[in-house]
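**Student:** Before I ask anything, let me first share the structure, which is written out below as structure tokens.
The values are calculated or read from the model by the stated rules, or taken from the named source; none is laboratory data. Computed from a prediction, not measured in an experiment: that's the story for all the values here. Glycine also receives a Cβ, built like all others from the backbone with ideal geometry; neighbour counts cover every protein chain displayed. The area values use the complete protein model at the heavy-atom level, side chains included, leaving out ligands, DNA and RNA. Shrake-Rupley method; radii C 1.70, N 1.55, O 1.52, S 1.80 Å.
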Amino acid sequence: MTTTTTPAATAPPAPTSPLNASRTLATAARVLRQLRHDPRTIALMILVPCLMLFLLRYVFDGNPRTFDNIGASLLGIFPLITMFLVTSIATLRERTSGTLERLLAMPLGKGDLIAGYALAFGTLAIIQSALATGLALWFLGLDVTGSPWLLLLVALLDALLGTALGLFVSAFAASEFQAVQFMPAVIFPQILLCGLFTPRDKMHPVLEAVSNALPMSYAVDGMNEVLQHTDMTAAFVRDALIVAGCALLVLALGAATLRRRTP
């Protein structure tokens, strides 16, 4: 009598946890190794904000008080812009080259990937913010009333926000050119409405309401708090928490919208 054996059902792969420390660290290390071989990208992220601050200081050489008024705000805006550009293009390049598809075929969740990228670029953001803050305060003579450490904190939060926004918008771009095109849509309105050019309460009520929903507005408000007060104020804490919360929210949205490849 011949017996027929039924092949055992193949068990589905075990689901990966939403976020794993070892996988996140491995992803961050891989990104940093790639960036190490791309000196132009490193120069863009670390040196360009310093160069912009240097130029701005001597544009207002005849009126140093103007640099004091806007230099602190731009200390946060410049890192946000550069981190947005570099992160969006780097993430898009991973997807269009097929690297992202191969990575996500492994036991690597979207949360691990986004957190790894955020950690890698966040490390560079720390270096970038520290250099820009040190240059502005101790070489260019930026005069602030509050603690330089609070200024550095807001600059770092701004850079991390730029990283989060870059990771998020990269999911909607099909080419590097399209990634750059997101800057006028995502960054420029925030620059115009953040209070850099005129106080937000002097704007049209509709524009003021829009500015209240934009994270860069709170970054500039936080910088102004450091500029005007010797101690940490409740308003500064609120502004810093809003910027940090927006960065975390955008990172979560980036993980939810991450695609394996560009169609």
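**Student:** Specify the residue that is nearest to Ala155 (Cα to Cα); the eligible residues are those in the stretch 52-67 that are modelled with pLDDT under 85 and part of a helix (DSSP H, G or I).
**Tutor:** Selected residue: Phe67.
**Student:** Listed residues Ala256, Ala173, Ala179; which is surrounded by fewer than 21 Cβ atoms within 10 Å (Cβ to Cβ), closer than 20 Å to Gly122 by Cβ and not basic (Lys, Arg)?
**Tutor:** The unique qualifying residue is Ala256.
**Student:** Mind telling me which of the residues Leu249, Leu241 ends up being within 28 Å of Leu92 (Cα to Cα) and either open to solvent by less than 30 Å² (accessible area, probe 1.4 Å) or in a helix (DSSP H, G or I) (or both)?
**Tutor:** Leu249
**Student:** Starting from the stretch 37-60, keep only residues that are of a type in the set (Ser, Thr, Tyr), then list their pairs with residues that are open to solvent by less than 50 Å² (accessible area, probe 1.4 Å) whose Cβ atoms are within a distance under 7 Å, requiring at least 6 positions of separation or different chains.
**Tutor:** Once the first residue is of a type in the set (Ser, Thr, Tyr) and sits in the stretch 37-60, its partners that are open to solvent by less than 50 Å² (accessible area, probe 1.4 Å) give Thr41/Leu35; Thr41/Val86.
**Student:** Cβ-Cβ distance below 7 Å, separation of 6 or more or different chains: which pairs start in the stretch 109-132 with a residue that is without any contact (Cβ under 8 Å) to a residue 24 or more places away in the chain and within 13 Å of Val154 (Cα to Cα) and end on one that is open to solvent by less than 10 Å² (accessible area, probe 1.4 Å) and not in a helix (DSSP H, G or I)?
**Tutor:** Going by the 7 Å Cβ cut-off, there are no qualifying pairs.
**Student:** Select, from Ile70, Ile114, the only residue that is outside any loop (DSSP other than H, G, I, E, B), modelled with pLDDT of 80 or more and not basic (Lys, Arg).
**Tutor:** Result of the check over Ile70, Ile114: Ile70.
**Student:** Among what's in the stretch 194-212 and is without any contact (Cβ under 8 Å) to a residue 12 or more places away in the chain and in a helix (DSSP H, G or I), pick the residue that is surrounded by the most Cβ atoms within 10 Å (Cβ to Cβ).
**Tutor:** Glu208
**Student:** Here's something else I'd like to know. Condition check: under 13 Å from the mean Cα position of the chain (by Cα) and surrounded by 21 or more Cβ atoms within 10 Å (Cβ to Cβ). Does Leu124 satisfy that?
**Tutor:** Judged against the criteria, Leu124 is a match.
**Student:** Also: Would you check if Thr233 is free of Cβ contacts under 8 Å to residues at least 12 places away in the same chain, open to solvent by less than 60 Å² (accessible area, probe 1.4 Å) and in contact with a helix residue (DSSP H, G or I) (Cβ under 9 Å, 6 or more places away or on another chain)?
**Tutor:** Considered against the rule, which asks whether it is free of Cβ contacts under 8 Å to residues at least 12 places away in the same chain, open to solvent by less than 60 Å² (accessible area, probe 1.4 Å) and in contact with a helix residue (DSSP H, G or I) (Cβ under 9 Å, 6 or more places away or on another chain), Thr233 comes out as yes.
**Student:** Could you tell me whether any residue of the stretch 213-222 is surrounded by fewer than 19 Cβ atoms within 10 Å (Cβ to Cβ) and in a helix (DSSP H, G or I)?
**Tutor:** no
**Student:** Answer yes or no as to whether Val186 is over 22 Å from Leu153 (Cα atoms) and either under 15 Å from the mean Cα position of the chain (by Cα) or modelled with pLDDT of 85 or more (or both).
**Tutor:** The answer is yes for Val186.
**Student:** How many residues are modelled with pLDDT under 85, aromatic (Phe, Trp, Tyr) and over 17 Å from Ile81 (Cα atoms) when one looks only at the stretch 118-163?
**Tutor:** 0
**Student:** Working carefully through the options Ile191, Ile187, find the one that is surrounded by 16 or more Cβ atoms within 10 Å (Cβ to Cβ), touching a Phe, Trp or Tyr at 6+ places or on another chain (Cβ under 7 Å) and β-branched (Val, Ile, Thr).
**Tutor:** Matching residue, one of Ile191, Ile187: Ile187.
**Student:** OK, next. On the given criteria, is Asp143 on the phi < 0 side of the Ramachandran plot and surrounded by 21 or more Cβ atoms within 10 Å (Cβ to Cβ)?
**Tutor:** Considered against the rule, which asks whether it is on the phi < 0 side of the Ramachandran plot and surrounded by 21 or more Cβ atoms within 10 Å (Cβ to Cβ), Asp143 comes out as no.
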